1. So if we plug the beta-carbon distance of residue 192 and residue 224 into 1/(1 + (r/R0)^6) with R0 = 30 Å, what FRET efficiency do we get, rounded to 0.05?
2. For residue 135 and residue 199, FRET efficiency with R0 = 22 Å and r from the beta-carbon atoms, rounded to 0.05?
3. In percent, how large is the relative contact order of the chain, given Cα pairs closer than 8 Å and 6 or more residues apart?
4. Taking the simple approach of a point 7 Å from Cα along Cα-to-Cβ for both residue 244 and residue 174, what is their distance in nm?
5. Using packing as a proxy for protection, rank 69-79, 166-176, 39-49 so that the peptide with the highest average count of other Cβ atoms within 10 Å comes first.
6. Expected output is a single nm value to one decimal: the length gained when fully extending between residue 233 and residue 112, i.e. 0.36 nm times separation in residues minus the C-alpha distance. What is it?
7. Per DSSP H run of at least 4 residues, take -39500 (n - 2.57); add these up for the chain, divide by its residues and hand me the 222 nm value, nearest 500 deg cm²/dmol.
8. Can you list the HN-Hα couplings for the range 190-196, worked out from phi with the Karplus curve (6.51, -1.76, 1.60; θ = phi - 60°), rounded to whole Hz and with x for Gly and Pro?
Amino acid sequence: MFPQPSGAELDDFYEQYHAGTSENVGFARFEARTAQDFPTKASLVQQMLAGSRAPHNCNWRVLDVGCGKGVFVRELQRLGIDAEGIDVSTEAIQAGAAAGVTSLRSGHVETQSEWHGRFDAVTMFATIEHSPDPLALVRAAHYVLKPGGLLFLDTGVCDDFAARWVPGLIQWYHPPEHLFVFSTHGLRHLMTRAGFAVAALDPNFERNPWRAAAKRLRNGVAALAGYAAITTLFGSDVYERMRRETKLPLGALAFVIARSGGDLA
């Protein structure tokens with residue numbers, strides 16, 4: 001088991017997280033891959049904010065928490081949305097500013113007391129699992145939102161078919177980056193405790209339905225085939241040991257849309 005890192009240890013870790021070093025080549029690939037989803041996510045944010053109104057009739061203000069180098073902020077701005085970003089990594093904020101995304105700041109959203117009721121929406125992609133206190137983070141999102149404001153977040157989940165049966169740990173178990181892995185029930189409970197009402201929860205998010213279906217099929221087949229092969233060839237004891245020790249590049253991504261306005265629990 002890994003001990004929970006201190007706040008100072010996490011700040012130091014994330015100062016190096018976005019640096020262009022050889023050790024972070026894998027993260028650079030992850031950044032590029034997740035950015036491919038940003039046009040779909042930005043359009044969804046715009047559509048949800050618009051509701052029955054024309055998108056260009058309102059100047060919405062959106063905060064991207066865990067913004068990294070500001071790639072999603074730039075995507076929102078491309079749609080005409082007044083978007084800002086915050087991230088604990090000054091390295092990432094400086095890289096974003098150098099790339100022309102200037103509406104970014106380094107820090108923790110939990111400490112921005114001057115932002116009360118400032119934003120129409122908060123986005124939090126591949127972020128909540130990195131927080132040592134997810135409830136405090138989501139409550140901070142509630143604090144900076146206007147009444148009825150929207151929260152959009154995604155994170156890996158541990159309770160889909162593949163995660164239950166694949167002979168190994170899914171990719172979301174990855175300390176010290178990922179400190180929490182959620183079930184869909186846990187995500188709903190977290191939203192409620194933070195004062196949100198869940199409007200939608202997709203437990204297998206992809207940028208189009210064909211990719212979602214293909215990933216669900218791939219993960220399911222891998223789980224069943226792996227379970228059958230390992231238990232048949234090596235027995236259940238080996239299977240159980242692999243479940244604790246082997247990491248596999250599989251896992252479902254949950255996408256949550258929630259509306260603020262409830263009481264904190």
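1. 0.35
2. Computed FRET efficiency for residue 199 and residue 135: 0.70.
3. Dividing the mean separation by the residue count of the chain yields 19 percent.
4. If labels sit at residue 244 and residue 174, their model points lie 2.4 nm apart.
5. Output ranking for 69-79, 166-176, 39-49: 69-79, 166-176, 39-49.
6. Full extension of this stretch gives 38.0 nm more.
7. -12500 deg cm²/dmol
8. Using θ = phi - 60°, the values come out as 4, 4, 5, 4, 8, x, 10 Hz.
Every number here is computed from the coordinates shown, using simple stated rules; none is lab data. Predicted model, so just to flag it, every value in this text is computed and none were measured. Every residue, glycine as well, gets a Cβ built from its backbone with ideal geometry; the counts of neighbours run over all protein chains shown.
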